[in-house]
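Please treat every number below as a calculation from the coordinates, not as lab data. Just so it is clear, the model here is predicted, and its values are computed rather than measured. Heads up, the Cβs are rebuilt from the backbone with ideal geometry, glycines too, and the neighbour counts pull from every protein chain shown.
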Ligand SMILES: Cc1ncc(COP(=O)(O)O)c(C=O)c1O
């Protein structure tokens, strides 16, 4: 299912812990590296998928999703929209539960493929920003999180 | 469950704050602290690199200020905000985030006097030039744009003339030239007008006015819409590694809140106009009743405007909510809930009559502020716009016999009574 609401995003971020990041860069100032480092700090395991590197942020790097032996919860994509369809096929093959397309990435065919395979699909959102939005960090820097609630916050710091 | 689009009244009360995670406190706590502990050396490094979000030092961020920032961003229907120490600082930070020596601003010429001085004098000293245009004719903005121009600047309701601009026409010009439109929304507040809905890109506020609502604190805030394409080629400093902050590329790294991150990390951090968390607390208290207050401010202002228009000691009244105003059509389009509560009027008999009027009021307060719960009157030519010579005063919409009134929330009959007796006194030699 393609999801975009706060409740579903919270559930996805809570239930899933292992993220394969396709297109993760080794360079510290790239958005993908920022996201990976952030997610590691919040206890996620980030497995890099990138044919150009041996390892990134202390994790062995794999050329393709299919090369990863461990179970994958989320396939988080930092690639151009045009190349997402084969990644969706691989994600399905790996039995990942979530296909997550980062900011600016859209591909209807890939989205529908993954959704039909029973995956949750998130489009045009950053996993780091959504985590920070729904679990605290963005509250510190004036970004409108759109979270309205009278329940005690569950911020993590 | 689909996310609900909450109404502005709900946002006034709730946006930006959840009950405190430790104590359950419903009201935002005042985090009166200069700094925040790091969990480890690595945590500190990630925070400074902006790889993780968190608090470092209150000059840059503070949890009470952050509630205020987020609430203002929500109310303006923008993406993110930065709170600063005054309205003047909000403009300064908003502009310096995208301007450097050699750059140029095209601004409406009808501006708060301090803003005019900031642009025309202080910025010129920094090598940033401004051209001031008559904003009644939107094409004037286009005509003044040069290859060095980086933004257009207007007040949603001009201080003190209460003139309006055709936002959509001006924002269209800004878009055609790949420039952001910055709007000072102080007089209107997001309750009466949200400039982002008409194509503005950045909003600045003096929070000292209606946002505070009770005249207790000085403060300001800037908000970005999140919609401006900073990668359009005109803003290399949003794209290239920041010399001022660890080589971060603000737009690439933070996307639709990259501008406010740059404002916070490059300008607020190094120029230092930080808002006190206590002031944020008072602004949040103010915002909780913004919607109720603004409705009553507008209601009282309409009555006052009509009263003044019919008073024999008054030569003219400038309030966009009057049928006789040249801006009446723009009010219908951009300010359906009313055109705020600030108006100016001319007293028969010139400057001396203005002085007698000011000295005769009984409870209307003679002071240089506006947007207070109390009714305020001032003679701009001798106070707020005094730094300008007579020609510049005229250009800014200030006439020698002009009184500006910010209509408050007292009993309306009492406001009219005080105005009436002071106007009568103004005519006695
Ligand atoms: C329209 C407008 N903008 C900005 C300012 C400056 O705000 P502050 O006094 O909070 O610095 C004022 C103050 O009068 C104002 O009226």
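Relative to the present Cα-Cα distance, how much length would full extension add between residue B:360 and residue B:414 at 0.36 nm per residue of separation? Show your work: numbers first, answer last.
Working: separation 54, 0.36 × 54 = 19.44 nm, distance 1.45 nm.
Roughly 18.0 nm would be gained on extension.
Just checking the listed ones, B:47, B:222, B:330: in the Gaussian network model of chain B with Cα springs under 10 Å, the one fluctuating most is B:47.
Over chain A, what is the mean sequence separation of C-alpha contacts under 8 Å (at least six apart), divided by residue count, expressed as relative contact order in percent? Walk me through the numbers before you get to the answer.
Values: 276 pairs, mean separation 33.9, N = 157.
It comes to 22 percent, rounded to a whole number.
Structure remark: mean-square fluctuation, Gaussian network model of chain B, C-alpha springs under 10 Å; the largest value among B:123, B:254, B:357 belongs to B:254.
What the Cβ-Cβ distance of residue A:82 and residue B:143 gives, at R0 = 35 Å and to the nearest 0.05, is a FRET efficiency of 0.25. Report Rg/Rh for chain B, rounded to two decimals, where Rg is the Cα radius of gyration and Rh the Kirkwood radius. Expressed as Rg/Rh, it is 0.98. The long axis of helix B:87-96 is offset from the longest Cα principal axis of chain B by roughly 50 degrees. Computed over the alpha-carbon atoms, segment A:71-127 gives an Rg to Rh ratio of 0.90, Rh here being the Kirkwood radius from the mean inverse distance.
With the contact rule set at Cα under 8 Å and sequence spacing of 6 or more, what percent relative contact order holds for chain B?
On the way: 873 pairs, mean separation 72.3, N = 429.
Worked out over chain B, it gives 17 percent.
How big is the antiparallel share of DSSP beta bridges in segment A:2-144, given as a percent to the nearest 5? Antiparallel: roughly 10 percent of the beta bridges in segment A:2-144. Once you divide the Cα radius of gyration of segment A:16-157 by 2.2 N^0.38 Å, the number left is 1.05.
Between the Cα long axis of helix B:63-75 and the first principal axis of chain B there is an angle of about 60°, rounded to the nearest 10.
Given a Förster radius of 45 Å and the C-beta distance between residue A:18 and residue B:332 as r, what FRET efficiency does 1/(1 + (r/R0)^6) yield to the nearest 0.05? Before the final figure, lay out each step's value.
Values: r = 57 Å, r/R0 = 1.26.
E between residue A:18 and residue B:332, to the nearest 0.05, is 0.20.
Computed over the alpha-carbon pairs of segment B:290-426, the distance histogram in 10 Å steps reads 13, 44, 36, 7 percent, short to long.
With contributions of -39500 (n - 2.57) from each DSSP H run of at least four residues, the per-residue ellipticity at 222 nm computed over chain B stands at -9500 deg cm²/dmol. Taking a ≥ b ≥ c as the square roots of the eigenvalues of the Cα gyration tensor, segment B:1-131 is classed as oblate, since a/c reaches at least 1.5 and a/b does not exceed b/c. Summed over qualifying helices (DSSP H, 4 residues or more, each -39500 (n - 2.57)) and divided by its residue number, chain A shows a 222 nm mean residue ellipticity of -9000 deg cm²/dmol. The equivalent ellipsoid that matches the C-alpha gyration tensor of the protein assembly as shown spans semi-axes of 50, 24, 21 angstrom, in descending order. Compute the helix-to-body angle for B:290-309: its Cα long axis versus the longest principal axis of chain B, expressed 0 to 90° and rounded to tens. Result, in degrees: 30. Between the alpha-carbon centres of segment B:148-218 and segment B:123-147 there is a gap of 16 Å.
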